[in-house]
Structure formats: structure tokens, C-alpha cells
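Enquirer: If you scroll down you'll find the structure; I have some questions about it.
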Amino acid sequence: MYYGRVVVKICGITNQADGEAAVEAGADALGFVFYDKSPRAVTIENAAQLIRALPPFVVKVGVFVNADQEMVVRAVGDCGLNLLQFHGDEPSDYCRQFGVMSMKAFRIRDAGSLDSLESYPTDAWLLDAFTPGKLGGTGETFNWNLAIEAQKRANGRPVFLAGGLTPENISAAVQQVQPYGVDVSSGVESAPGRKDHKKVKDFIQRAKEAARTAP
């Protein structure tokens, strides 16, 4: 059953101005990328400083790619993360060992990409587009009918839709898929790691309006 509400996560926050703009626009969650090969990477020290300035009701998400366990533990402790998002080849047990809610990201290319979902009983799933050699933030979309199929396999588990979402297509995405949450990074940027505050506001407003009016 769809309750007319969608959680909006703005990912790849690298500076205080972008974080504040996202919160003011109504973001429910902010993502901080702890992966040094990403153009949106932040250090644990940087993220901790940014997170201290955020209101407590905003979910703070740490994004990791095949990170050392010690690094994840330190990020959780120093930054006060509420949710851990794993974008690499992490096994299921790894994702669920940290005592914090976990979300596994899956790169969806075709129906076969859905076969591994149920082997990850994490607290949530995130569906991203498959782009060879890249792990997210690519601006590429995928067939949203596959996201609808993924939700049937979720057994009530929250499913986040990501991959190529923009202010221009978010209304259609929310109305078609009716996901628990949506995740955007490059689709609301002026440059990698820098958010366009108008795009952020438009994205959030359109996502939430689409959720309210979804059939």
C-alpha cells in the first residue's frame, strides 16, 4: 500500500551551504560519500563537522564502497550516522555487522540484476543504474518497471529509487514506481560535488507533490 509520502535523500553533500539548502527545502536524509575516488568524497573529519550543523531529525547516511571495517566504525562513531549505504561488493553479513541500519545498493541492468536482492536482508535496498566502470552518481536511468518488480520481492522492506533522477523526471518516477524513497546526487548539481540549490528545491517539491497525488 502506498501512503502518499516519499522520503527524499540528497546525496553527495560536501559543504555546509548545500546541506543547509537541502534541509531548508525539505530533504529527509543527506548522504555523505566516504569513497576517495568519488568527486563527491568527504573525509570523516569533514563530514562530522557538516553533520554537527544539521538538525537532529535529518537522517545522516554514510556511503561506502568496499571500505575497511575500521573505517566504517570510525565514521559511525565520529559522525553519528543513522544509516549505512553500501555501494560495492560487500557481502550481506558485512553490511549488517555495525549496529546501525544498513542499505545495500544494487546496479540494475536487466531483470537478472534482481536475482541477488533477496540475499541481502539489509534494512533497505537502493536501486541504481548500471554503468560499466562506475558505481553511482552517473546521471543514467534504468527501466523503472524493474524497480516495481524489485518492490514485490522486498516484503515490505523500504526500497529507494536512484539513478538519473532529475527535477524534470522525478514526478513521473514517483508516480510510476511509488517507492519508499528517492535518492539524487548528480541530477541536482551545478558541478560534481556542488549542488544547484534551485534544482534541489524543485526536485524535493516535485517528488513530494507526486507522492501526494499518486494513484
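Enquirer: Simple spin-label model, 7 Å along Cα-to-Cβ: Glu118 to Gln16 in nm?
Expert: Distance between the two pseudo-spin positions: 4.9 nm.
Enquirer: Rolling a 1.4 angstrom probe over the protein heavy atoms, how many square angstrom per residue are accessible across the chain?
Expert: Averaged over the residues of the chain, the accessible area is 46 Å².
Enquirer: Would you please give the FRET efficiency between Ala111 and Asn169, computed as 1/(1 + (r/R0)^6) with r the Cβ-Cβ distance and R0 = 25 Å, to the nearest 0.05?
Expert: So the FRET efficiency works out to roughly 0.70.
Enquirer: How charged is the neighbourhood of Gly19? Take every other residue with its Cβ under 11 Å from the Cβ of Gly19, and add Lys/Arg as +1 and Asp/Glu as -1.
Expert: So the environment of Gly19 carries a net charge of 0.
Enquirer: Now for a separate question. Probe radius 1.4 Å, ligands and nucleic acids ignored: give me the carbon and sulfur share of the accessible area of the chain as a rounded percent.
Expert: 48
Enquirer: Moving on to the next point. Would you kindly state how much longer the chain becomes between Phe57 and Val73 on full extension, computed as 0.36 nm times their sequence separation minus their alpha carbon distance, in nm to one decimal?
Expert: Length gained, Phe57 through Val73: 3.6 nm.
The values are calculated or read from the model by the stated rules, or taken from the named source; none is laboratory data. Computed from a prediction, not measured in an experiment: that's the story for all the values here. We place every Cβ from the backbone using ideal geometry, glycine too, and count neighbours over all the protein chains shown. Heavy atoms of the whole protein, side chains included, go into the accessibility calculation; ligands, DNA and RNA do not. Shrake-Rupley method; radii C 1.70, N 1.55, O 1.52, S 1.80 Å.
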